[in-house]
Amino acid sequence: MVEVFSGRTLLNKDGDHVDPEEALRNKVVGIYFSAGWCPPCRDFTPILCDFYTELVEESEPPAQFEIVFVSSDKSTDDMVEYYHDMHGDWLALPWTDDYKHELKLRYKITAVPKLVIVKNNGDVITDKGRKQIRDRGLACFATWLGAAEIFQNFKG
C-alpha cells in the first residue's frame, strides 16, 4: 500500500469511493498532477492513457501499476469534466481534499503536468515520469518496477 494515501479516500471514474489500501497494494504508483486548463496537460494525458491501457488493461497479467490523478483544476466541475473526458480508467484524489496541497509540497510540484512515480512508502522513484514515458515508452515501467521493491507477478 502506498503510505502517502493511507487514510484517504480516492475516487474511480464512476465517482465511487475506493480504498487506497486495496487499490494500491503491491503496485508502482504514478501520482499525476494535472489540470484541464493546461495545454501541456491536455497534450500528455492521451499519451498517458495509451501507456496505462497497454500496461494495465491489455497485459496478462495486468502490470502492477496504478495512477492517482491530483487535480490543479479551478473547481470540482472542471476536474470532473477533465477527468471524464480525457483520463484513463485510473483513480483520483477528490478535488475537495486539501491533501492535494500537502502532496504538491512533498513532491515539490511547481508546474503541471508532472508525473511522480513512487514506491510503496511514498519515496520517489522518479519525478520525470512524463519525460520517461515520452522518451522510452513502456520500457520505463520495468525500471520503475525494479526500483519499487515490491513482490512481482511472474509469468509462468
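The values are calculated or read from the model by the stated rules, or taken from the named source; none is laboratory data. Computed from a predicted model, the values in this text were never measured in an experiment. Here Cβ is always computed from backbone atoms with ideal geometry, including for glycine, and neighbour counts include all displayed protein chains. In case anyone asks, the SASA skips ligands and DNA or RNA and just uses the protein heavy atoms, side chains included. Shrake-Rupley method; radii C 1.70, N 1.55, O 1.52, S 1.80 Å.
Taking Cα centre as origin and charging only the Cβ of basic (Lys, Arg, +1) and acidic (Asp, Glu, -1) residues, the dipole magnitude of segment 71-156 rounds to 600 debye.
Please check which bits of segment 19-47 a label hung off residue 135 would reach, taking the label as a point 7 Å along Cα-to-C-beta and the cut-off as backbone N under 16 Å. From segment 19-47, the list is empty. When log10 I(q)/I(0) by the Debye sum over Cα atoms at q = 0.08, 0.11, 0.13, 0.17 Å⁻¹ is calculated for this entry, the matching label among [x] -0.19, -0.38, -0.54, -0.97; [y] -0.33, -0.55, -0.69, -0.94; [z] -0.23, -0.44, -0.61, -1.06 is [x]. Computed on the chain, with alpha-carbon pairs under 8 angstrom and 6+ residues apart, the relative contact order is 30 percent. Left without a cysteine partner by the 4.7 Å Cβ rule in the chain: 49, 140. Please name whichever of 133, 32, 62 sits farthest to the positive end of the charge dipole of the chain, dipole taken about the Cα centre and charges placed at Cβ: Lys and Arg +1, Asp and Glu -1. About the Cα centre, the residue reaching furthest to the positive side is 133. Entry note, segment 15-69: relative contact order of 50 percent, from Cα contacts under 8 Å with a spacing of 6+ residues. Taking amide H atoms as placed 1.01 Å from N in the peptide plane, the amide H of residue 18 lies under 5 Å from those of 10, 11, 12, each 5 or more residues away in sequence or on another chain. Using 0.36 nm per residue and subtracting the Cα-Cα separation, the extra length available between residue 128 and residue 96 on full extension is 8.9 nm. Carbon-plus-sulfur accessible fraction, the chain (probe radius 1.4 Å, protein heavy atoms only): 48%. Given the options 51, 4, 107, identify the residue whose Cα lies farthest towards the positive end of the charge dipole of the chain (+1 on Cβ of Lys, Arg; -1 on Cβ of Asp, Glu). Sorting the options by dipole projection puts first 107. Mean residue ellipticity, 222 nm, helices only, the chain: the sum of -39500 (n - 2.57) across DSSP H runs of n ≥ 4, divided by residue count and rounded to 500, is -10000 deg cm²/dmol.
Relative to the Cα centre, the charge distribution of the chain, modelled as +1 at Lys and Arg Cβ and -1 at Asp and Glu Cβ, gives a dipole magnitude of about 800 debye.
When the square roots of the Cα gyration tensor eigenvalues are ordered a ≥ b ≥ c, the ratio a/c for segment 60-150 is 1.5 or more and a/b exceeds b/c, which makes its shape prolate. Here segment 37-79 is assigned +1 on the Cβ of each Lys and Arg and -1 on the Cβ of each Asp and Glu. Its dipole about the Cα centre then comes out at about 240 debye.
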